Every structure is written in structure tokens, then in C-alpha cells.
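Worksheet: one structure, shown below.
The values are calculated or read from the model by the stated rules, or taken from the named source; none is laboratory data. As the structure is a computational prediction, the values presented were derived from the model and not from experiment. For neighbour counting, all protein chains shown are included, and Cβ atoms are generated from backbone atoms with ideal geometry for every residue, glycine included. Heavy atoms of the whole protein, side chains included, go into the accessibility calculation; ligands, DNA and RNA do not. Shrake-Rupley method; radii C 1.70, N 1.55, O 1.52, S 1.80 Å.
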Amino acid sequence: MDYRIDALGEMCPLPIMRAEIKLLELKPYDRLILKTDHSCSSASVINHFQSKYNYPCQVQQIDEGIWEIIIEKR
Amino acid sequence: MAEILQRQTQKPLPKKINLKVIFLFSFAFLGAWLLWFFYQRAFYPYLFGLFFGYIMQRSRFCFAAAFRDIFLIRNTALTRAVLVALFLTTVGFSVLHFALGINLTVVGRIYPAGLHTILGGLLFGFGMTVAGACVSGALVRMGEGNVMQYVTFLGLLCGSLWGAWHLNWVVPFSIAKTPTIFLPEQLGWPAALSLQLGCFVLFYFWALKVEKTKHVFSIFKKISAAMPYGRAAVYLAVGNTLFVIFYGKPWGITTGITSLAGWVAGKLGIAVNDWLYFQENFWLADDGGALIAHPLILLALGMLLGAMLASLYHHEFRWRFPRTNRYYWAALLGGICMGYGSRLAMGCNIGALLSGISSLSLHGWLFAAALFPGAYLGGKVLMRYLLTAN
């Protein structure tokens, strides 16, 4: 299943922390879609979940300065 | 779901050269040209500011995350990147000292190390975590259109002015009495240099262990559109070393910001010229200009413009308003703490941490050590008051 977090207007590291809390509830192969307008988060979220947890991640810029990050729980 | 999949197949947004980019680039270029003819002392700070701003925007390099992410999310990617930057800058400065005859004891950022450094570091660490950005990060985020960081900057101006005023008492009370420790003077060059570089390597592996990751060089790998942290660390280290050659002092920001704040205060009728900090023979003498004439003000402006150009060109500029008004208060409080702390410690995350440690000065190490408990406390406040529910 897909879950969404809207983190627009939030500064780093709050989007990561919210994603971490949410991912605990999710089952493997569920996907979390995080929307953020903080440029740091667009890099640090993917860095955190891909490099540390080995969850497949994808980042997509959907508008000027807004990113959607898709994290798949494993 | 279908909507997302469709978006994934879209091509990335093209790089954009539009009127805004052209206008801003001409403005930046004109600024450089004017400085070259009318205020050459500030030309290189401005130019390097543009470079640092560009690199930090493209890589999302963040000194605040280097200290707080260890506690908040057990991630050390940026801690390791900062260690790489410190390692390379130390090597760079040593090369300058021995190969180019630039005496590090003269040009380096070597200041008294004592209780005030620790207190300043604590405040600074707390401030940068609460505000969500360090001094350099705040300038870069301002360039990207982050409204919250403009409030941080206001806090920085107030805090550093307040700190500069308090130096009238702190200097005779603590700073003048504490020793200035240049490590090679105490231990000899080979021991000091190998001890310092060894520490960086040791901390790098310790950080890997804390994060429980086996990807030793993950920070050099490109995993998103942003520049990898490791590569940015190399650019910043090389930039800082070159900056010493062209400017004669390592990269620093808050001395410029304090001078700007002092100038504004002077215009408002506060007799800042009587303050110890703004005396000719104090720290400002090295930089060749005080108050509004301080060259490092142009470096801060350059960083802001560089980040703005980078974000406009890559479709990332946007006026971003914080989600709740609480963030404005956090930014103001964080800015004041950072400004005040940087005056006590005589440098910010750039002047005291990056340039201070790389100048092999003990005060940089003390400052860095104090940043950790400060960031830990800031993290507690962040979790308690600023983390919103899902």
C-alpha cells in the first residue's frame, strides 16, 4: 500500500524523523511517499533510507523546488 | 499510484536560463566588476562566496546535520563529510605553510581556547539545531528562498551584536587570560599533524560504527540529483585553501556579520566604536576594514547570491514559508544563540570549526567538542516542540 506524508514547509531533519516514525508502522513492500520543499531533505532522506536501511528510494522533482521521495520498506 | 508512476516516467525538468537567471548573473558579475575597481580587498571574498554558495546549494552540505543527526536519526553521512573536509583543509593549510611559505601562525584562525569557547560552542550547537541551519547553511537557504532563514539571519545579527557588546566584559574576564594554543608549537609539527589527521580517520570509522553501515565511501557515491556530500567536502577544502592564498585569511563568516550588525547599530545611534570588538587593533585589523567596509560581508552576500543562482538555474528556487509560526520563533532563538555563541567562541561553524581546526588551533577542537552536547539539547527541543504529528 502507499502512504503519504506532506512535509511541505518543514525544515530538516523533521521530514526524515516523521518518515522514520511512519515507516515503523508499515509492512514490507509498502511505500511511503514524502513530499518536501526543503532542498536538504531531498538529498538527506534518500541518503538516510537508501544508504543506511537499504530501502529502495526514488526522488522526483515535481515542481519548482518541490520533491516527492518514494521509499519502499523492505 | 498511477499518477506517481506517470510522474516517474517524466523527464527531469530542463536546466533553465530565463530572465531571472540572466538578471541575477549580470548583477553578480557587475558586483564583482565594481569590487575589482573600487574595493579590491573584498573582490576575492565575494568571488569565493559565490563558489561556496553554489557548492553548498548543489550538495545540500550542512554542518548542523553533521552534529545533530548522530543523536536524532543515527546518521553520520554529513559528519563523515565534515571530517573529510577537515582532513583535506588541514592538509591544504599545511601545504601552504611548508610549500608556499605562508606562515600558518600568522594567517591561521588561532584564538584563545578556554571556557568561553566551550560556552560559545554549546550555544552555537543548540542554536543551529533549533534554527535548522548553521550560519553558512542559513545563507544558502536564504538564497533558495527559505523565509524562515531570513529570520535566522535577523537573529544572527542581534545575537552577534549582543555578543560583541558582552566581549567588553568577557575579554578581560576570560579571553585575555586563556592561552592561545597552536598545536604544532606545543607538540612539534610531525606529532601535531599526524595526531590531528589520525583523529579524523579514527572518527570517520567511529562514525561508520555508530551508523552501523558497511558502505565506507557511501558519501562519495551519487545517489540523487544532488552533488554527493564527499565531493562537496573536497571542493570546500580546496576552496578554503585557495581562499587563504588570495585573501590571506581562512574562510570565516560571522566576523563579517558582526561588522554588519555593528554598522546597523551605529546608524541607529549606538556607540559601537567604543566597544572593544570594534577597536582597530582587535581582530578586525587583519581583515583590512571594519563595520560596513569589512570584506567578509561581501563573502556572505556572495554565498547568498551563489546559492540563489544555483537554485534558480536548477529549478529549485521557491519562496518557502514555514508550516507553523512556531518555526519563526525557533529560527529567531536559534539565530540569537548562534550569533552570541560565535562571538564568545570567536568563530562559527566555518571560522572556528572548519578553519580553526584546520589551522591546528586548540580552540577549534574545543568548539567542536562543545557543539555535540549543544546539538543534543537542541535535538530535545526540536523533538518536543517542533515535530508535528503525522
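Odds and ends about this structure:
- Test: residue in the range B:245-262 that is open to solvent by 20 Å² or more (accessible area, probe 1.4 Å), among the hydroxyl-bearing types (Ser, Thr, Tyr) and either without any contact (Cβ under 8 Å) to a residue 40 or more places away in the chain or within 14 Å of chain A (Cβ to nearest Cβ) (or both): no
- The number of residues in the range B:315-344 that are part of a helix (DSSP H, G or I), farther than 13 Å from residue B:253 by Cα and not charged (D, E, K, R) comes to 14.
- One residue from B:48, B:52 being away from chain A (no Cβ under 13 Å), buried (at least 24 other Cβ atoms within 10 Å of the Cβ), more than 30 Å from residue B:383 (Cα to Cα) and modelled with pLDDT of 90 or more: B:52
- Test: residue in the range B:158-174 that is open to solvent by 10 Å² or more (accessible area, probe 1.4 Å), of a type in the set (A, V, I, L, M) and closer than 21 Å to residue B:370 by Cβ: yes
- Test: residue in the range B:131-149 that is more than 14 Å from every other protein chain (Cβ to nearest Cβ) and either open to solvent by less than 10 Å² (accessible area, probe 1.4 Å) or polar (S, T, N, Q) (or both): yes
- Of all residues in the range B:80-97, none are open to solvent by less than 10 Å² (accessible area, probe 1.4 Å), in a loop (DSSP other than H, G, I, E, B), within 14 Å of chain A (Cβ to nearest Cβ) and touching a residue at least 60 places away in the same chain (Cβ under 8 Å).
- Residue B:38 being within 19 Å of residue B:236 (Cα to Cα), more than 11 Å from chain A (Cβ to nearest Cβ) and not hydroxyl-bearing (Ser, Thr, Tyr): no
- The listed residue being surrounded by fewer than 21 Cβ atoms within 10 Å (Cβ to Cβ) and within 30 Å of residue B:136 (Cα to Cα), out of A:51, A:42: A:51
- Conditions (1) closer than 16 Å to residue B:257 by Cα; (2) buried (at least 20 other Cβ atoms within 10 Å of the Cβ); number of the one not met by residue B:154: (2)
- Flag for residue B:202 being loosely packed, with under 14 Cβ neighbours inside 10 Å and aliphatic (A, V, I, L, M): yes
- Residue count, the range A:8-42 (criterion: in a helix (DSSP H, G or I) and either over 20 Å from residue B:379 (Cβ atoms) or of a type outside the set (Gly, Ala, Ser) (or both)): 14
- Residue check, residue A:14 at the interface with chain B (Cβ under 9 Å from one of its Cβ atoms), under 28 Å from residue B:208 (Cβ atoms) and of a type in the set (A, V, I, L, M, F, W, C): yes
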